[in-house]
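*Asks:* Quick one: the structure is below, and I'll ask about it shortly.
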Amino acid sequence: MSRISAVSPSPVLAEVVRSGFVEGRHRGSLVVLAADGSVERALGDVDAPVFPRSSNKPMQAAGILRAGLEVSGERLALAAASHSGETFHRDLVQKMLAEYDLSAGDLQCPPDLPLDPVETESYLASGAARDRVTMNCSGKHTAMLAACDVNGWPKDSYLDPEHPLQKLIHQVVEEAAGEPVAAVGTDGCGAPLMAISLTGLARAFRSFVLAPEGSAERRVADAMRAHPEYVAGTRRPDTWLMRAVPGALSKMGAEAVQALALPDGRALAFKIDDGAGRALGPVFARALASLGVSGDVVERIGAAPLHGGGDVVGEIRATF
C-alpha cells in the first residue's frame, strides 16, 4: 500500500484579528539575506520555485537594455513598472509609443482599468473605458516593442517565449537569480513569466543594487530609485519606501510577492501562499524592521486596519 508523504504547511506570517478574535491566518515563506549574500533568516520553503510575477520586472527591463534599447530616467523606470494608471503614467506611455512610431494597438497586454482604486474612480467618472495603455504593464510592453524595433525583431510575436527578446530576458533572470528558471508560464499581462525561488529573487535584487555603474542592472536600479512614482504610483508602498529609504530597491508582484534590496547588499523576498494582498503590508513592515529599517514609512506600509460599522475593530498583523 503506497503512502502519500505529508507536506509541511508554510508558517503563518500574518493573522487577521477582529474584535480581539483571530478570524483568519495567512501562511507564506520569507527569506532575508545578509550583506554578504548569505541566508540570514528563512521561514518556510524559500528554495521552492514561485512565480515572482511583477517582481521580475527589473530583470525584464535589464534584458530590454541588453537588447540595445537606449532608454533612461522616467522611461526606464516605467519599463520596470506596475504603474497605477495615473494620468502621468498614461501620458508617458503614449509619448514612448509615439517616439517609436507605435500605437496602443501594437500593445499585446489586455485592456484594463487603473491599478489604483482611487484613480479608477476618477477615470471611470471621466467616461473612460478599459484601455491597453492604462494596464499597469503597458510601460514594459512599450519598451519591449521598442527593443524589437531597434533590432529588427518581429513585433507581432514579441511575447513568444522563443522570441529573441524573451530568450535574452530568460538569460538575465537566471544570471541575476544565480539559478536556472524552474518553469515558464504566462503572466497576467501576457508576457512570459519565469519561476525562480524566493532566495533567487532576493539574490537578483541584491545583484542589481551592487552591480557596476553603467551596467544594465545598475541602470535599472538607479532609474527605479530615482523615479519611484513611475515604478508604482503616488499611493503605493514601493514608491513610499524608495523615497524614504536612500538606495532601497523595492518591487511588489501580484499574488502577494515582494522583493527588496538595500544598498549594502541586504535583501529580502517573500510570498503569501494564498496571494492575499491584504497581508503584504504587515509582513513587509515586519521584515523591514528585521533589517533595521524604521520610521514613519514602515508604520505606513504596515498599517492594515479592519473595519466594522465604519469603525476600526481590528487589524492584520505579522506573527514572526
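The values are calculated or read from the model by the stated rules, or taken from the named source; none is laboratory data. Predicted model, so just to flag it, every value in this text is computed and none were measured. As a convention, Cβ positions derive from the backbone with ideal geometry for all residues, glycine included, and neighbour counts pool all protein chains shown. Remember, those area values only see protein heavy atoms, side chains included, never the ligands or the DNA or RNA. Shrake-Rupley method; radii C 1.70, N 1.55, O 1.52, S 1.80 Å.
*Asks:* Give me the extension gain from Glu315 to Ala289: residue separation times 0.36 nm, minus the current Cα-Cα distance, reported in nm with one decimal.
*Replies:* 7.5 nm
*Asks:* Something else: Binning every alpha carbon pair distance of the chain at 10 Å from zero, what are the percents per bin?
*Replies:* 6, 27, 35, 22, 8, 2, 0
*Asks:* Here's a follow-up. Which of the cysteines in the chain are isolated, no other cysteine C-beta under 4.7 Å?
*Replies:* Cysteines of the chain left without a disulfide-compatible partner: Cys148.
*Asks:* Based only on Cα atoms, what Rg/Rh ratio does the stretch 279-320 have, Rh being taken as Kirkwood's radius?
*Replies:* Checking Rg against Rh, the ratio lands at 1.05.
*Asks:* Something else now. Quick one: if you take sqrt(5λ) for each eigenvalue of the C-alpha gyration tensor of the stretch 37-121, what semi-axes come out, biggest first, whole angstrom?
*Replies:* 29, 19, 12
*Asks:* At q = 0.13, 0.19 Å⁻¹, what is the base-10 log of I(q)/I(0) for the stretch 82-127 according to the Debye formula with one equal point scatterer per Cα and no solvent? Please give it to two decimals.
*Replies:* -0.32, -0.66
*Asks:* State in Å² the accessible area per residue of the stretch 68-189; use a 1.4 Å probe, count heavy atoms of protein chains only, and round to the nearest integer.
*Replies:* Per residue, the stretch 68-189 has an accessible area of 42 Å².
*Asks:* So if I take the centroid of the Cα atoms in the stretch 71-93 and the same for the stretch 130-185, what is the distance between those two points in Å?
*Replies:* 16 Å
*Asks:* Any chance you could run the full-extension gain for His307 through Trp153? It's 0.36 nm times the residue separation minus the Cα-Cα distance, nm to one decimal.
*Replies:* Full extension from His307 to Trp153 adds 50.2 nm.
*Asks:* At a Förster radius of 25 Å, what calculated FRET efficiency corresponds to the Cβ-Cβ distance of Asp47 and Lys167, to the nearest 0.05?
*Replies:* 0.50
*Asks:* Next question. If you average 1/r across every pair of different Cα atoms in the stretch 191-264 and take the reciprocal, what Kirkwood value do you get, in Å?
*Replies:* Value: 12.7 Å, from the Cα pair sum.
*Asks:* Stick to the Cα atoms of the stretch 241-320, pair each with every other, and give me the Kirkwood hydrodynamic radius in Å at one decimal.
*Replies:* 13.3 Å
*Asks:* First measure r as the distance between the Cβ atoms of Glu40 and Glu175, then evaluate 1/(1 + (r/R0)^6) with R0 = 25 Å and state the FRET efficiency to the nearest 0.05.
*Replies:* Result of the calculation: an efficiency of 0.65.
*Asks:* Here's a follow-up. What do you get for Rg/Rh of the stretch 1-70 when both radii come from the Cα atoms and Rh is the Kirkwood radius?
*Replies:* A ratio of 1.17.
*Asks:* Using only the alpha-carbon atoms of the stretch 90-211 as identical scatterers, what base-10 log of I(q)/I(0) does the Debye formula give at q = 0.09, 0.15 Å⁻¹?
*Replies:* Values returned for q = 0.09, 0.15 Å⁻¹ are -0.31, -0.80.
*Asks:* Per 0.36 nm of contour for each residue apart, how much would the distance between Asp160 and Ala125 grow if the chain were fully extended, relative to their Cα-Cα spacing?
*Replies:* 9.0 nm
*Asks:* Can I ask one more? Using 10 Å bins from zero, what percent of all Cα-Cα pairs in the stretch 172-311 falls into each bin?
*Replies:* Histogram of Cα-Cα distances, whole percents per bin: 12, 40, 36, 10, 2, 0.
*Asks:* Quick one: divide the alpha-carbon radius of gyration of the stretch 97-157 by 2.2 N^0.38 Å and tell me what you get.
*Replies:* Rg over 2.2 N^0.38 Å, computed on Cα atoms: 1.26.
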